[in-house]
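One structure is given here, and the rest of the page talks about it.
Every number here is computed from the coordinates shown, using simple stated rules; none is lab data. Since the model is a prediction, treat every value here as computed from it, not as a measurement. All Cβ positions, glycine included, derive from the backbone under ideal geometry; neighbour counts span all protein chains shown.
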Amino acid sequence: MKPISIFVAIGLSALTLSGNAQYTFAQTLPAVLEDRDFLWDGAPDPKLFDLGRDLFFDPILSGNRNIACGTCHDPKRGTGDGVALSIGEGGDGFGTDRHTVDPVTGRVPRNAQALYNVGARAYGSFFHDGRLEVNRMGGFPSRLRSPAGKDLPEGISNALTAQAMFPVLSSIEMAGQPGENAVADAVAQNDVARAWRLLANRLAQTQGYADRFVESFPEIAKPQQIEFRHAAEALAAFQSVAFRSDQSPFDARLEGASLSSRAEAGLQLFYGKARCSNCHSGPLLTDHGFHAIAVPQIGPGKGHGDDGSYAAYSGFEHRTEDHGRASVTGNSADRFRFRTPSLRNVALTGPWGHDGAFDTMESMVRHHLDPSASLKAYLAVALLPLDHAIQPVVNRSSTSFRMLDPALRPAFDLRDVWVHTSPRLQRNILQANELAPVALTEQEIGELLAFLNSLTDPTARDRSHLVPETVPSGLDPQPRYDRH
Ligand code: HEC
Ligand code: HEC
């Protein structure tokens with residue numbers, strides 16, 4: 001164990017040596033990540049890890065048994081799915097090949113987050129808007145504020161475990177539509193406890209899961225006592241080890257090794273005049289805070305906001321905005337704020353931004369340097385095809401679905417890039433922006449990108465070995481690779 005002050009000293013001496021004394025580090029370099037920085041001190045019980053691994057790739061946790069966590073968090077695709085916005089439940093194929101075979105109501109409105117180092121204790125909130133968070137004031141079960149409110153069960157020991165309670169409750173991600181299966185029905189009726197119960201029952205009835213829960217959890221004497229929170233804990237144990245990633249050239253630099261001269265120059269910009277470390281600070285290169293940086297909003301959005309221009313144009317009663325953090329806090333000052341993403345392995349985690357609006361890391365970085373110009377010049381690069389879209393038809397008593405009217409198809413597709421068309425939406429996004437423009441030369445931008453590439457841990461490029469050959473349900477684990 002080495003005291004932090006040594007690293008500070010290395011950082012400062014490197015600064016002096018390279019003669020860039022006009023820059024002062026906005027923040028000193030972070031400390032090296034250690035085992036104790038992770039849940040279970042980096043070493044959960046291997047039995048729990050193995051259980052979580054099977055669950056992560058097994059479609060059994062989805063209502064229609066057709067999608068797994070690994071479908072969207074693919075260990076070979078930067079722990080995301082390589083597309084701007086995921087096609088969830090009902091889709092077929094993986095990565096950019098994924099398409100809709102069964103009709104689906106739409107795409108997931110946000111980019112699938114990368115899962116590198118989500119097991120770090122420093123994570124007090126999850127999701128782009130932090131809607132699941134440790135609430136130090138208490139008042140919520142397990143001191144966690146979440147969309148489930150008081151329904152979140154007691155006995156959840158960390159936020160990552162609590163996070164795993166939620167993907168299964170999303171109709172569009174994993175649960176499916178009402179009428180298709182009992183889990184989806186429970187979700188549609190807002191009976192989350194019942195949805196979790198049904199899934200736990202599935203596990204209790206599956207040989208190859210039931211006994212392993214009994215072995216892994218002292219409080220479970222017989223399979224009927226399995227609760228979904230136990231599955232969530234196993235998922236957390238798996239993720240925290242499987243996606244830990246701290247073997248990058250940047251980590252070596254923190255321990256005293258040198259970067260290439262270009263990457264080192266980029267590091268000094270990052271911690272200096274480019275001011276990146278104002279927000280991307282600490283060992284995970286995030287302040288865990290929320291900021292508005294005017295990323296173009298593409299896709300269906302979250303239905304927030306007051307820009308009714310799309311509804312007026314198309315006749316679809318729908319708002320295309322995503323207010324991010326404000327939808328959690330209710331505070332209008334938080335509009336368009338999103339959680340600062342960790343930049344570890346950022347070169348692997350594209351498309352970039354909370355909605356995958358940028359298809360290159362470079363365009364994402366250039367956006368930061370002049371958000372206003374970038375937003376105004378933005379031309380959607382994301383391909384967002386949806387072959388078989390369905391529309392919900394809401395009656396007083398129930399919701400049913402019908403295929404999208406072909407005549408409405410162009411209006412439906414335009415929704416995805418409405419940010420081009422609505423000056424009002426653009427203005428709202430820009431008003432919230434907190435980033436001041438930064439002037440960098442082309443050479444400096446190249447150096448900054450070289451630094452961002454030094455954040456790539458070579459062991460993270462392809463972790464497809466994590467996907468098991470078979471899973472206890474007998475279903476095909478997801479993702480599947482074409483192994484020639
Ligand atoms: C349909 C694709 C999809 C599936 C399936 C899916 N996720 Fe996600 N995941 C996402 C998206 C999209 C987000 C960001 C959502 C948001 O911010 O609203 C996310 C966010 C997360 C996060 C938060 C990361 C962070 O930094 O805040 C974790 C952890 C996570 N997912 C784990 C899981 C687990 C575990 C499962 C299975 C139980 C799962 N996901 C299933 C798409 C998916
Ligand atoms: C004011 C805080 C702030 C500053 C300063 C800042 N960023 Fe960001 N950065 C963010 C936020 C917030 C996001 C996510 C925004 C979104 O998705 O809407 C982000 C996203 C990114 C992404 C995309 C990550 C991903 O996984 O999608 C990259 C790359 C990035 N920033 C690099 C930089 C660089 C390089 C600098 C310095 C030039 C910088 N940032 C300065 C807050 C900041």
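So the values come out like this:
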| item | result |
| --- | --- |
| Local electrostatic count, GLY446, Cβ distance below 12 Å [Lys/Arg +1, Asp/Glu -1] | -2 |
| Highest average packing first - 56-62, 379-385, 295-301, 245-251, Cβ atoms within 10 Å | 295-301, 56-62, 245-251, 379-385 |
| For region 115-123, 3J(HN,Hα) per residue [Karplus equation, 6.51 cos²θ - 1.76 cosθ + 1.60, θ = phi - 60°, Hz, x = Gly/Pro] | 10, 4, 6, 5, x, 5, 4, 5, 6 |
| Proxy reagent accessibility, fewest Cβ within 10 Å first, across LYS150, LYS302 | LYS150, LYS302 |
| Total formal charge among the other residues, if their Cβ is under 12 angstrom from that of SER157, Lys/Arg +1 and Asp/Glu -1 | +1 |
| Integer Hz, Karplus 6.51/-1.76/1.60 couplings in order for region 348-353, x for Gly and Pro | 9, 9, x, x, 9, x |
| Extension reserve of the THR421-ASP35 stretch, reckoned as 0.36 nm per residue once the Cα distance is removed | 134.1 nm |
| Environment charge at PHE336 (Cβ cut-off 9 Å; Lys +1, Arg +1, Asp -1, Glu -1) | 0 |
| Residues TYR310, TYR116 arranged by fewest to most Cβ contacts within 10 Å | TYR310, TYR116 |
| Cut-off under 5 Å, modelled amide H: who pairs with GLU321 long-range | LYS302, GLY303, HIS304 |
| Region 191-246-region 99-149 distance, computed between alpha-carbon centres (Å) | 19 |
| Cα gyration tensor shape for the chain, rounded if a/c is under 1.5, else prolate or oblate | oblate |
| Residues MET403, MET361 arranged by fewest to most Cβ contacts within 10 Å | MET403, MET361 |
| Cross-link pairs beyond the 28 Å C-alpha cut-off, checked among LYS273/LYS376; LYS47/LYS302; LYS150/LYS302 | LYS47/LYS302 |
